Amino acid sequence: MTVRLRVGARTDVGRVREGNEDAYVTRHPLFAVADGMGGHQGGEVASKLALETLEKAADGAPDLAEVVRAANRAVFATAAKDPGLAGMGTTLTAVMVEDDRLHLAHVGDSRMYLLRDGNLGRVTKDHTVVERLVDEGRLTPEDAERHPQRSILTRALGVEEDVVVDEADVDVRPGDRVLLCSDGLTGMVDEDDILRILGQHADPQAASDALVAAANQAGGQDNITAVVLDVLEEKKAAAETAPQAAVTETVERPSPMSEPARPVETPPVADRQERFAARPVASGRRWGRAVVWLVVILVLIGGGLFAVKRYWVDRQWYVGESGGNVALYRGIPAAPLGFELSEVVEETELTAEEVTRFPEYRDLAEGITAESEEDAQTIVDLMRADVNEARRQAREPPGQ
Ligand code: MG
């Protein structure tokens, strides 16, 4: 007898991130949560692609872990083809209902919990550095929950050609409640509060909504996803489990706690680094690419400035003042940030003092701009003529 489920699900961008890289699927008998990561739009592509592959391959396939490995290959192949998606990956926590048990396949730090008789038990193990330290007795579980590096993964889908998938069969019975969630929930809300919230809401959709709201209230530092599955009594089942519509939620749904939709995100470099710090090769490549881009941008800016200087500034002329004398300048009479954009080409015998007695040359100190070198030379010639004329007039008063 296949169990009947009632389902609630919500995903939310949270209060800090600009895009939602989480995704889920609730399409009986498949239920899954994925939390993508990777630069540019990689995270969103990875989680969505993993779930799509899972949905397609899950139909009639008995081996969920094999389906998850197929999803791994799909994400890995796409990342290998597109440099913009290189290094992307995703967590994946999926269950497939068969008879009265859930087949579980799991990679990463999204989680499955089972609530039974008022006790909340975690079914999955996080594939994180911190969890490994707990296993080795080098960190207490309490320290791990708040550890700043708790989201550094040791395993993710799509990052390598092959992936080790954790598998389990979980027997369920009426009254059980299953929670699948991303680390945006468990990083913000501790297990006592998750248990309390699950206990407060009989309706699984209300429970999902309340969990997401609690994570947002606690800061909403990450994308948040909660899928709640209630295992129903046989009698209620027939009425309440119309076939589930396919819901591959990759688009943020409006919720009172979520902010208005914003443009597609480019995740902060620090976050990508954090998620992959356990993978020195990948993160090195990532930084390498960031540095290359930085250099390219600086070169383009530098090249742009050089071109402006070479092809525009250096073709400008003006007549100005140099050491008290009139001079011919190449460039423009400006020095942004102390950067001189002109040079004296020729200093004349004309003094600035004499020349600026004429109203038309009053702007000499600021620079009298010219169309060309010839034009500038003409201005100097006119100045010289005017000065000589003034000298002549001074020597020979009018009328003589
Ligand atoms: Mg996350």
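The values are calculated or read from the model by the stated rules, or taken from the named source; none is laboratory data. Keep in mind that this is a model prediction, so the values were computed, not measured. Neighbour counts run over all protein chains shown; Cβ positions are idealised from the backbone, glycine included.
Assorted remarks:
- Subset of region 96-112 (residues that are away from the ligand (no atom under 14 Å from the Cβ) and buried (at least 21 other Cβ atoms within 10 Å of the Cβ)): 96, 102, 104, 105, 106, 112
Yes or no, residue by residue, for (1) farther than 20 Å from residue 165 by Cα; (2) away from the ligand (no atom under 16 Å from the Cβ):
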site	(1), (2)
12	yes, no
37	no, no
49	no, yes
56	no, yes
63	no, yes
90	no, no
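- Matching strands (runs of 3 or more DSSP E) fully within region 287-377 where at least 1 residues are basic (Lys, Arg) and surrounded by 14 or more Cβ atoms within 10 Å (Cβ to Cβ): 325-331
- Considering residues of region 109-129 that are within 19 Å of residue 184 (Cβ to Cβ) and assigned to a strand (DSSP E or B) only, the residue farthest from the chain's Cα centre (by Cα): 120
- Region 45-92, residues that are among the acidic types (Asp, Glu) and more than 24 Å from residue 111 (Cβ to Cβ): 59, 82
One line per residue, one yes/no per condition, for (1) in a strand (DSSP E or B); (2) of a type in the set (Lys, Arg):
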position	(1), (2)
93	yes, no
131	no, no
138	no, yes
144	no, no
155	no, yes
163	no, no
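- Matching residues in region 286-307 - criterion: being among the small types (Gly, Ala, Ser) and under 26 Å from residue 38 (Cβ atoms): 288, 290
- All positions within region 173-193 that are within 28 Å of the chain's Cα centre (by Cα) and more than 16 Å from the ligand (Cβ to nearest atom): 190
- Answer residue from region 211-224, given it is crowded, with 23+ Cβ neighbours inside 10 Å and aliphatic (A, V, I, L, M) and is nearest to the ligand (Cβ to nearest atom) among those: 224
- Positions within region 56-91 being within 16 Å of residue 32 (Cβ to Cβ), part of a helix (DSSP H, G or I) and under 20 Å from the mean Cα position of the chain (by Cα), in sequence order: 75
- When region 113-133 is filtered for residues that are under 18 Å from residue 171 (Cβ atoms) and within 15 Å of the ligand (Cβ to nearest atom), only 124 remains.
- Residue in region 318-336 that is farther than 29 Å from residue 306 by Cα and not hydroxyl-bearing (Ser, Thr, Tyr) present: yes
- Boolean, residue 2 is among the polar types (S, T, N, Q), at pLDDT below 90 and out of contact with any strand residue (DSSP E or B) (no Cβ under 6 Å at 6 or more places or on another chain): yes
- Checking each residue of region 261-273 against the condition of being within 16 Å of the ligand (Cβ to nearest atom), hydrophobic (A, V, I, L, M, F, W, C) and modelled with pLDDT under 95 gives at least one match.
- Looking only at residues of region 136-172 that are without any contact (Cβ under 8 Å) to a residue 24 or more places away in the chain and not charged (D, E, K, R), we find that the one that is farthest from the ligand (Cβ to nearest atom) is 137.
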